[in-house]
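Scroll down for the structure; my scribbles are underneath it.
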Amino acid sequence: MKVTVIGIFAVAAEQQQDLVEAINRAGEVVCQLPGFLGSTLYASVDGTKVVNQSHWTSIEDHAAVLEVPEAMALAEVMFAIAKPDPIICVERGEFSPV
């Protein structure tokens, strides 16, 4: 079952760009992993939040990231700046312009 992982980071405004850069570096590794379908990164205009939305073929594929040393080392860099409040979701609807 396809899953979406939404990581919401509360960050000091002066560190938002550092966090964005750290997540982008981690994304360069994660995008090569089996089951990864894509990701979108958002930065709030007030500088205090970063949201990472990633899509995976299964919850198991997402969990396998924990077994990749390079990915975990990059995650530690991110977590030193801000810790995420992750949500693992399944899609239940989609809306598009008419």
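The values are calculated or read from the model by the stated rules, or taken from the named source; none is laboratory data. This one's a predicted model, so the numbers in the text were calculated from it and none came from an experiment. So basically every Cβ, Gly included, is an ideal-geometry build from the backbone, and we count neighbours across all protein chains shown.
Looking only at residues that are under 15 Å from ALA26 (Cβ atoms) and within 11 Å of the chain's Cα centre (by Cα) in region 77-98, which one is surrounded by the fewest Cβ atoms within 10 Å (Cβ to Cβ)?
Ranking the candidates gives PRO86 first.
So, in region 29-40, exactly how many residues are within 12 Å of the chain's Cα centre (by Cα) and exposed (fewer than 13 other Cβ atoms within 10 Å of the Cβ)?
Residues meeting the conditions: 3.
For region 8-17, which positions are surrounded by 16 or more Cβ atoms within 10 Å (Cβ to Cβ) and either among the polar types (S, T, N, Q) or out of contact with any Pro (no Cβ under 9 Å at 6 or more places or on another chain) (or both)?
VAL11, GLN15, GLN16
Mind counting the residues in region 52-76 that are in contact with a Leu (Cβ under 9 Å, 6 or more places away or on another chain) and loosely packed, with under 15 Cβ neighbours inside 10 Å?
Adding up the residues that qualify gives 2.
So which residues in region 46-60 are under 13 Å from the mean Cα position of the chain (by Cα) and either farther than 20 Å from GLN15 by Cα or in contact (Cβ under 8 Å) with a residue 60 or more places away in the chain (or both), if there are any at all?
SER54, HIS55, TRP56
Residues ALA22, ALA10, ALA43: which one is touching a residue at least 40 places away in the same chain (Cβ under 8 Å), over 19 Å from PRO69 (Cα atoms) and under 14 Å from the mean Cα position of the chain (by Cα)? First the steps, then the outcome.
Values: ALA22 fails: over 19 Å from PRO69 (Cα atoms); ALA43 fails: touching a residue at least 40 places away in the same chain (Cβ under 8 Å).
Just one listed residue meets the conditions, ALA10.
Just checking, which of ALA71, ALA63 is of a type in the set (A, V, I, L, M), under 15 Å from VAL5 (Cα atoms) and without any contact (Cβ under 8 Å) to a residue 60 or more places away in the chain?
ALA63
Could you tell me which of the residues LEU41, LEU37 is at pLDDT 95 or above and touching a helix residue (DSSP H, G or I) at 6+ places or on another chain (Cβ under 7 Å)?
LEU41
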